[in-house]
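To keep things clear, I will list the structure first and then write my remarks on it.
FYI, it's all coordinate maths here, none of it is from the lab. Being a predicted model, the structure only gives us computed values, none of them experimental. Reconstructed Cβ throughout: ideal geometry from the backbone, glycine too, with neighbour counts over all protein chains shown.
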Amino acid sequence: MMGLGMQMLLLSQMMKMMMTVFALVAGESGQAAFSGARPAFGSGGGFHAGGSPLGNFLGSSGAGGAGGAASSAPVGDAKSVGGGFVSPVDNYRISSRFGPRKAPTAGASTYHKGIDLAAPLNTPVRAAKAGRVTVSKDQATGYGKWIEIQHADGTKTRYGHLNSRDVQVGSQVQAGQVIGKMGSTGTSTGSHLHFEVLDKSGRQINPEQVMKL
């Protein structure tokens with residue numbers, strides 16, 4: 001018969017073997033689980049956003065998809081008014097149309113080279129089309145505080161009598177981007193936007209011929 005000491009030794013060895021087997025099984029399972037749920041890191045050790053909601057938002061460049069240059073797609077809730085333009089102002093009334101008129105105040109022209117869109121003071125004014133700001137300045141008379149934007153097709157738009165100018169010369173703006181606030185600066189009788197459209201030759205044309213205001 002096997003002595004008690006020998007039985008205890010065999011039992012101890014069996015326990016060690018079982019613990020070793022359990023440890024191996026647990027280690028392989030844990031490694032497999034970790035491999036299936038590991039965070040996405042690139043070969044260089046940096047975080048890689050691809051394949052995640054963050055990656056979908058940032059895009060492959062990881063920069064929010066801004067692209068640098070102004071996009072032609074309208075921003076915000078800007079309203080399309082045809083001809084590739086968006087409305088420069090929301091909730092306005094036309095107070096003076098393009099063409100011959102009686103001068104509304106001393107110093108004002110009797111031939112109106114734009115269209116006046118009246119709304120409350122500090123109403124946001126938007127870029128009617130994407131482009132580059134070529135003028136952003138203040139005048140004591142005339143346009144007052146005003147902005148000019150040149151567009152990719154060679155046309156320009158002007159925004160006069162502003163209360164504030166929020167873009168500088170050289171800025172790239174998107175259609176619908178807020179560029180300033182409505183005011184009554186310069187030669188003006190009340191809060192409104194004087195809005196002009198210039199063709200490729202630099203001649204003012206009736207905005208209502210190229211868009212529906």
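Only Cα pairs under 8 Å and 6+ residues apart enter the sum, and on that basis the relative contact order of region 80-209 stands at 28 percent. Packing around the peptides 115-128, 160-173, taken as the average count of other Cβ atoms within 10 Å per residue, puts them in this order, highest first: 115-128, 160-173.
Rg/Rh for region 80-209 stands at 0.93; both radii use Cα atoms, and Rh follows the Kirkwood definition. Taking amide hydrogens as placed 1.01 Å from N in the peptide plane, the amide H of Val135 sits under 5 Å from those of Glu148, each at least 5 positions away in sequence or on another chain.
Treating only the Cβ atoms of Lys and Arg (+1) and Asp and Glu (-1) as charged, compute the dipole magnitude of region 150-213 about its Cα centre; round to the nearest 20 debye.
On the way: 7 positive and 5 negative charges, 12 e Å.
In debye, rounded to 20, region 150-213 gives about 60.
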